[in-house]
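Below: the structure, in structure tokens.
The values are calculated or read from the model by the stated rules, or taken from the named source; none is laboratory data. Keep in mind the model is a prediction, meaning the values are calculated, not measured. Every residue, glycine among them, receives a Cβ derived from its backbone with ideal geometry; neighbour counts consider all protein chains shown.
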Amino acid sequence: MAPERLKAPRGTFDVLPADGERRRSLRTAAERLLGDAGYAAFESPVFEDTALFARGVGESTDIVQKEMFTFEDQGGRSLTLRPEGTAGACRAYIEHGMHKRPAPVKLSYWGPFFRHEAPQAGRYRQFAQVGAEALGSDDPSLDAELILLLAELLERAGVAQLRLRLSSLGDAPTRAAYGEELRAHLRARAGELSAEVRARIDQNPLRAFDSDHPGTRAVMDDAPLLVERLGASDAAHFATVRALLDDAGLAYDLDPTLVRGLDYYTRTVFEFESAALGAQRGVGGGGRYDGLVEQLGGPATPGVGWAAGIERILLAAGGGEQPEAEPKVYVAVAKPEAARRAFALARTLRLGVGARVELEQAGRSLKGQLKHADRVGARAVVIVGDAIEVKDMRSGAQRTARDEDELMRLVRES
Ligand code: HAM
């Protein structure tokens, strides 16, 4: 009996070559964009102590309550595959004394994240995020800069039908006072709420804004709004962020009902949505988290950042599969004794021409190799036999190269 074929786990996927090329060019574009704005490449482990997320992301969030891949290592320590990157960045900021560096400390990252969610289009259990964080300053220009960078990235990636939702949550005391006001409103009309929202009035009343339940929505239509309760300095901070976005000509919707799924946010929050996506329309989002570093045991440190989902960006950008990158040069082997020379020449050409060079490595006949080179779109074929010849695939002309210098020149010219 043939052995059973195994599949990738539920909610995960393989990145096949055409998609891999799209991801690679998106990553290159993101790294250039963020690098130019001073966001240095940062990496943290894919798993962390579970306590980091419990404390950082918040005990009452869906992420911590039901979406974490948590396991025990051989030493009995509870570890969790990271569901997001901000808590890890703050942990590293504290651990490496980054507060001693000139502020703001700007970090950017790209990598896999894990959430045990019900899989659907645009929602996976392993997904990739690109993210950026600025720590150590509460200057509103950082909020605006980060929002503009994400807008630029999404635009360059070709994400269609974008909408930016923007709001401010104020500081912790304002949020606490508002939380009490909102709880009182919800309790007064508890009978109209969904069972889920009712059960979480005490824990997380803000999530009621997220509900699709008609009764809950009616209650929320009359709910007090946090943006109307901001203290003077938070209101001024938010006004500056908006003014900078206005100056840059970036359109946004002020949306006081914007709820982010993480507990650490203070002041500015934002989310980019694409109507080109289905139910999972959030392509990227973030905000300020001025209390998080302190909450994780570090010095009082403001912070702001965002993350965007790579799969959602590519889904929303559409355009289907991109053709695989074409080799410029194909090195064909005319007879078996020439294989060693061909191998060495392919390497020399890669270094010398700086172009994509592929070598025959599947035992085809010379005729088969030329056909294959044509199919993959090679512009020149270097035929290595008794002599070395260069065939220009557009003109069909074939010329002999007497030495490596001439070979380089002929290849460059084709
Ligand atoms: P988040 O909104 O939870 O924020 O995730 C950011 C983005 O990751 C989402 O907009 C979405 O594109 C993508 N994403 C999230 N979950 C999934 C999933 N299950 N499948 C596919 N894509 C997904 C954060 O993670 C915060 N750390 C952002 C941040 C950084 N805030 C401040 N700094």
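Answer yes if at least one residue in segment 321-335 is away from the ligand (no atom under 16 Å from the Cβ) and free of Cβ contacts under 8 Å to residues at least 40 places away in the same chain, and no otherwise.
no
In segment 81-113, which residues are surrounded by 21 or more Cβ atoms within 10 Å (Cβ to Cβ), β-branched (Val, Ile, Thr) and closer than 19 Å to residue 53 by Cβ?
Within segment 81-113, just 86 meets the criteria.
Kindly check whether there is at least one residue in segment 244-253 that is under 21 Å from residue 161 (Cα atoms), more than 11 Å from the ligand (Cβ to nearest atom) and part of a helix (DSSP H, G or I).
Yes; the residues of segment 244-253 include at least one that is under 21 Å from residue 161 (Cα atoms), more than 11 Å from the ligand (Cβ to nearest atom) and part of a helix (DSSP H, G or I).
Just one of the numbered conditions (1) more than 17 Å from residue 155 (Cβ to Cβ); (2) out of contact with any His (no Cβ under 9 Å at 6 or more places or on another chain); (3) assigned to a helix (DSSP H, G or I); (4) β-branched (Val, Ile, Thr) is not true of residue 313; which one?
All conditions pass for residue 313, except number (1).
So residue 75 ticks every box in (1) in contact (Cβ under 8 Å) with a residue 12 or more places away in the chain; (2) more than 9 Å from the ligand (Cβ to nearest atom) but one. Which box is left unticked?
All conditions are met except number (1).
Does segment 384-407 hold any residues that are over 19 Å from residue 339 (Cβ atoms), buried (at least 16 other Cβ atoms within 10 Å of the Cβ) and either not assigned by TED's automatic domain parsing to the domain that holds residue 373 or not charged (D, E, K, R) (or both), and which are they?
393
Would you mind stating whether residue 257 is within 16 Å of the ligand (Cβ to nearest atom), among the hydroxyl-bearing types (Ser, Thr, Tyr), under 27 Å from the mean Cα position of the chain (by Cα) and crowded, with 20+ Cβ neighbours inside 10 Å?
no
For segment 355-403, which strands (runs of 3 or more DSSP E) that fit wholly inside it have 3 or more residues that are free of Cβ contacts under 8 Å to residues at least 60 places away in the same chain and over 44 Å from the mean Cα position of the chain (by Cα)?
Strands (runs of 3 or more DSSP E) meeting the threshold: 398-401.
Yes/no matrix, rows are residues, columns are (1) among the polar types (S, T, N, Q); (2) buried (at least 21 other Cβ atoms within 10 Å of the Cβ); (3) out of contact with any Lys or Arg (no Cβ under 7 Å at 6 or more places or on another chain):
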| site | (1), (2), (3) |
| --- | --- |
| 115 | no, yes, no |
| 137 | yes, no, yes |
| 149 | no, no, yes |
| 160 | no, no, yes |
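Select, from 262, 351, 345, the only residue that is more than 13 Å from the ligand (Cβ to nearest atom) and surrounded by 19 or more Cβ atoms within 10 Å (Cβ to Cβ).
Working: 262 fails: more than 13 Å from the ligand (Cβ to nearest atom); 351 fails: surrounded by 19 or more Cβ atoms within 10 Å (Cβ to Cβ).
Testing whether each residue is more than 13 Å from the ligand (Cβ to nearest atom) and surrounded by 19 or more Cβ atoms within 10 Å (Cβ to Cβ) leaves just 345.
Step by step: first the residues of segment 285-303, then only those that are touching a Ser or Thr at 6+ places or on another chain (Cβ under 7 Å) and assigned to a loop (DSSP other than H, G, I, E, B), then the one that is nearest to the ligand (Cβ to nearest atom). Which residue is that?
My answer is 289.
Does residue 286 fit the bill of being modelled with pLDDT of 95 or more and closer than 30 Å to residue 91 by Cα?
In short, yes.
Given (1) touching a residue at least 40 places away in the same chain (Cβ under 8 Å); (2) within 16 Å of the ligand (Cβ to nearest atom), identify the lone condition not met by residue 282.
Condition not satisfied by residue 282: (1).
Exactly one of (1) closer than 30 Å to residue 80 by Cα; (2) more than 14 Å from the chain's Cα centre (by Cα) is unmet by residue 165. Its number?
Among (1) closer than 30 Å to residue 80 by Cα; (2) more than 14 Å from the chain's Cα centre (by Cα), residue 165 violates only (1).
Would you confirm whether or not segment 56-65 contains a residue that is at pLDDT 95 or above and within 16 Å of the ligand (Cβ to nearest atom)?
Within segment 56-65, not a single residue is at pLDDT 95 or above and within 16 Å of the ligand (Cβ to nearest atom).
Within segment 28-50, can you find the residues that are assigned to a helix (DSSP H, G or I), exposed (fewer than 15 other Cβ atoms within 10 Å of the Cβ) and in contact (Cβ under 8 Å) with a residue 12 or more places away in the chain?
Of everything in segment 28-50, just one residue is assigned to a helix (DSSP H, G or I), exposed (fewer than 15 other Cβ atoms within 10 Å of the Cβ) and in contact (Cβ under 8 Å) with a residue 12 or more places away in the chain, namely 35.
Condition check ((1) under 17 Å from residue 283 (Cβ atoms); (2) assigned to a strand (DSSP E or B); (3) within 13 Å of the ligand (Cβ to nearest atom)) across all residues:
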site: 71; (1), (2), (3): no, yes, no
site: 84; (1), (2), (3): yes, no, yes
site: 102; (1), (2), (3): no, no, no
site: 128; (1), (2), (3): yes, yes, yes
site: 132; (1), (2), (3): yes, yes, yes
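Yes or no, residue by residue, for (1) farther than 17 Å from residue 261 by Cα; (2) touching a Leu at 6+ places or on another chain (Cβ under 8 Å); (3) in a helix (DSSP H, G or I):
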| position | (1), (2), (3) |
| --- | --- |
| 146 | yes, no, yes |
| 196 | no, no, yes |
| 212 | no, no, no |
| 242 | yes, yes, yes |
